[in-house]
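Have a look at the structure below before the remarks.
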Amino acid sequence: MKSKSPDLINSADAKDFITCLAVERQISASTQNLAFNSLLFFFRHVLKKDFSNFHNIPRAKRSKYTPTVLSRKEIDAIIAHLDPPFDLVVKLLYGCGLRLSEGLNLRVQDFDFGDGKVTVYGKGRKFRITVLPRTIIPKLEAHLEKVKKLHQQDLKNKYDGAFMPGQIEKKYKNSATEFGWQFFFPAIQLTKIPGTKQYRRYHLHSSHVQKAVKEAAKKAQIPRRATPHTFRHSFATHLLKAGYDIRTIQELLGHSDIRTTMIYTQVLESPHPAEIKSPYDIDRDDL
């Protein structure tokens, strides 16, 4: 498509471009939607022009997505090649079904070792409570002691506290320096706030975890692509295989729509016809 002056661009040009993306370039549905929304913003807020009805334009087809799921043996092999604290991060991603951002944003006060549960805060500070693997609690407690020592050193150095969400710090003064509000996986170095003399501590950077997982999967010779999010997929699929119902898994994952959780049923292997009982062969009392 030829370039045009912004003054000459109209909605027909935008429609042709969106159609070209879907028909000729065969891009994904998400990419086409991104282009559509970008053009919508450009027309309304930059060009100040009308953005016509686009209901009849060809839409890119959404491809069926099947999440990558690792076996327990593969997960253990990857973790075996991870150094602390990355190994513990991954154990929580798999053991609790967390997104990477959720795992790194965990605070000390979010853990309940006694009841074996952890409170997870997602987008918009929405929270859910999920299961905490009891087999790794001793390692979590040992890690917590390291966090405590780091916090005590920070207090001696008179740091300005951890980065806080929303308006929490304005409501509760000194909360940023309280131990309960410290990140469970703190960053190695303090961060200087631009334009101030403040030094605060953030959590581990997501890119460091992603790189560590990629290298560990390579060392473990895992043939499939493994990312931090793969462990969340594996959590859901393994629970399904263990016989837990889809609604329970939906709550543990924090999905607002059951259809999002249903994607994991695609990964399960369908039973062979010879293994399926006809209703006539099932005890009537079980029906």
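The values are calculated or read from the model by the stated rules, or taken from the named source; none is laboratory data. Predicted model, so just to flag it, every value in this text is computed and none were measured. All Cβ positions, even for glycine, are placed from backbone atoms using ideal geometry, and neighbour counts span all protein chains on display.
When Leu104 is tested against (1) under 22 Å from Ile78 (Cα atoms); (2) surrounded by 12 or more Cβ atoms within 10 Å (Cβ to Cβ); (3) modelled with pLDDT under 95, just one condition goes unmet, and that condition is (3). From the list Ala176, Ala212, Ala217, pick out the single residue that is part of a helix (DSSP H, G or I), assigned by TED's automatic domain parsing to the domain that holds Leu93 and over 23 Å from Leu88 (Cβ atoms). That would be Ala176, the only listed residue that is part of a helix (DSSP H, G or I), assigned by TED's automatic domain parsing to the domain that holds Leu93 and over 23 Å from Leu88 (Cβ atoms). When the criteria are applied in full, Asp16 fails the requirement of being charged (D, E, K, R), out of contact with any strand residue (DSSP E or B) (no Cβ under 6 Å at 6 or more places or on another chain) and not in a helix (DSSP H, G or I).
The residue pairs whose first member lies in the range 142-159 and is at negative phi and surrounded by 14 or more Cβ atoms within 10 Å (Cβ to Cβ), whose second member is assigned to a helix (DSSP H, G or I) and of a type in the set (A, V, I, L, M, F, W, C), and whose beta carbons are closer than 6 Å, counting only pairs six or more residues apart or on different chains, are His143/Leu88; His151/Phe179. Can you tell which of Glu141, Glu169 is modelled with pLDDT of 95 or more and either closer than 20 Å to Val89 by Cβ or among the charged types (D, E, K, R) (or both)? Of the residues listed, the single one that is modelled with pLDDT of 95 or more and either closer than 20 Å to Val89 by Cβ or among the charged types (D, E, K, R) (or both) is Glu141.
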